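*Asks:* Handing you a structure now.
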Amino acid sequence: MMRINLLPHRQLKRAERQRQFGLMALMAAVVAGAVVFMGWTYLSAKKDSQIERNGRLEQAIVQLDKEIADIKDLKDQISNVLERKQIVENLQTNRSQSVVILDELSRQLPEGLYLKSIKQQGNLITLEGVADTNARVATLVRNLSVSNWMESPNLIEIKAMTLNGIKQNDFTLNVSLKVQKAEEAPNKNKIKGK
């Protein structure tokens, strides 16, 4: 009977399988490296594009912040201009107010009464004066209550005193200016001008 030695054949087959396994492992390593490299490249590109986008957004934010600051400055300037305009309009509306007040006071002042001081704070006028009787002060209060330009007279103080042998009454009186509506004031000025 013939004896065949199969050992080299098995060794050759085993060596062939090991070589194929090594090639497969190498191929798997190469493919895995390629996948990792492609993934890293893709993620790196995404990261770079996101960083670039963030940079553009930050530049846009800085530019918008500058524009917002400019808008705020413009709003402040507009409010300042509007305040000045309001002041000028008030001055224009009230420029003849002191003349009107003095004229109205002279018309409403009864005989036997004279004023020592006239003070105005806003719409409140404080009158200080001297009268020969209390009735004259009461007449002044009544006259001011029906005035076209003044309202709500309030007698603060009245005191009797003797000066050079003459009995007199010192008084202090507050009266408010009537708030003239924008339409009324020009009409009254037109009527007076005619």
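*Asks:* Looking at Asn5 and the list (1) more than 30 Å from Ser145 (Cα to Cα); (2) at pLDDT below 95; (3) surrounded by 10 or more Cβ atoms within 10 Å (Cβ to Cβ), which single condition is not satisfied?
*Replies:* (3)
*Asks:* Something else about it: Pull out all pairs, ordered by first then second residue, where Cβ-Cβ is under 7 Å, the residues are six or more apart or on different chains, the first lies in segment 143-163 and is assigned to a strand (DSSP E or B), and the second is of a type in the set (Lys, Arg).
*Replies:* From residues that are assigned to a strand (DSSP E or B), the pairs are Met150/Lys178; Glu151/Lys178; Ala160/Lys167.
*Asks:* Being touching a helix residue (DSSP H, G or I) at 6+ places or on another chain (Cβ under 7 Å) and either surrounded by fewer than 15 Cβ atoms within 10 Å (Cβ to Cβ) or in a loop (DSSP other than H, G, I, E, B) (or both) is the filter here, so list the residues in segment 99-117 that pass it.
*Replies:* Within segment 99-117, Leu109, Pro110, Gly112 qualify.
*Asks:* Could you identify the single residue in Leu115, Leu102, Leu109, Leu127 that is in the same structural domain as Ile166 (by TED's automatic domain parsing), touching a Gly at 6+ places or on another chain (Cβ under 7 Å) and of a type in the set (A, V, I, L, M, F, W, C)? If you could, list the steps in order and put the result at the bottom.
*Replies:* Numbers: Leu102 fails: touching a Gly at 6+ places or on another chain (Cβ under 7 Å); Leu109 fails: touching a Gly at 6+ places or on another chain (Cβ under 7 Å); Leu127 fails: touching a Gly at 6+ places or on another chain (Cβ under 7 Å).
One residue alone meets the criteria, Leu115.
*Asks:* Right, something else. For segment 154-187, which residues satisfy the criterion of being surrounded by 14 or more Cβ atoms within 10 Å (Cβ to Cβ) and at pLDDT below 75?
*Replies:* Across segment 154-187, the qualifying residues are Gln180, Ala185.
The values are calculated or read from the model by the stated rules, or taken from the named source; none is laboratory data. All values derive from a computational prediction rather than experimental measurement. Here Cβ is always computed from backbone atoms with ideal geometry, including for glycine, and neighbour counts include all displayed protein chains.
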